[in-house]
1. When you check Ala74 against the structure, is it touching a residue at least 40 places away in the same chain (Cβ under 8 Å) and assigned to a helix (DSSP H, G or I), yes or no?
2. Scan region 112-122 and give yes if some residue there is under 25 Å from Lys4 (Cα atoms) and in contact with a His (Cβ under 7 Å, 6 or more places away or on another chain), otherwise no.
3. Could you check Val96 against (1) exposed (fewer than 14 other Cβ atoms within 10 Å of the Cβ); (2) in contact with a Phe, Trp or Tyr (Cβ under 9 Å, 6 or more places away or on another chain) and say which number it fails?
4. Only one residue in Phe52, Phe103, Phe89 is crowded, with 17+ Cβ neighbours inside 10 Å, over 17 Å from Phe6 (Cβ atoms) and modelled with pLDDT of 95 or more. Which one?
5. Which one of these is of a type outside the set (A, V, I, L, M, F, W, C), without any contact (Cβ under 8 Å) to a residue 40 or more places away in the chain and assigned to a helix (DSSP H, G or I): Thr91, Thr95, Thr99?
6. Out of Leu114, Leu110, Leu84, report the one residue that is at pLDDT 95 or above, within 16 Å of the chain's Cα centre (by Cα) and surrounded by fewer than 16 Cβ atoms within 10 Å (Cβ to Cβ).
7. Would you confirm whether any residue within region 44-57 is more than 12 Å from the chain's Cα centre (by Cα), among the charged types (D, E, K, R) and assigned to a helix (DSSP H, G or I)?
8. Can we say Ala31 is exposed (fewer than 12 other Cβ atoms within 10 Å of the Cβ) and part of a helix (DSSP H, G or I)?
Amino acid sequence: MKLKVFLMIVGVVQIVLGVLYLVAPHEFLHAMGHSVPMEDINYPFGMLAARFLAYGVGMFVIARAPEKHRFWIANMIMIQIIDLAVGIFYTLAGTVSITLSGFPMFNALLIAVLLWLWRPRRDLVAGVA
């Protein structure tokens, strides 16, 4: 049950990010403390938003039967690990401060760890303890 609820929470986060990157990317970035890019970057932000939205909706589908969607749960773990690695890289490089990257990196780590710990395992799904 906790995995299903957590998958829905992750889905909500993805959808919120998708909506913000789609309809108000500059305002969203500014509110977080990032520099506001040129207007032409809205096109790739729109493409990024599509992925956030699709994966967000997908999390609700996955939450209905997590044992049938182990691949997609593993993909979300991979996404979060990459997010964390990118955050670490750009923070250590001095491109972003820890005040900008700390919260997203914490979230990425938390989501990755909890999904890893709570993911359905093949042997448990098959009924073998």
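1. yes
2. no
3. Only one criterion is unmet by Val96, namely (1).
4. Phe52
5. Matching residue, one of Thr91, Thr95, Thr99: Thr91.
6. Going through Leu114, Leu110, Leu84 in turn, the sole match is Leu110.
7. Within region 44-57 (the criterion being more than 12 Å from the chain's Cα centre (by Cα), among the charged types (D, E, K, R) and assigned to a helix (DSSP H, G or I)), the answer is no, since none of the residues qualifies.
8. yes
The values are calculated or read from the model by the stated rules, or taken from the named source; none is laboratory data. Owing to the predicted nature of the structure, the values given are computational and were not obtained by experimental measurement. Heads up, the Cβs are rebuilt from the backbone with ideal geometry, glycines too, and the neighbour counts pull from every protein chain shown.
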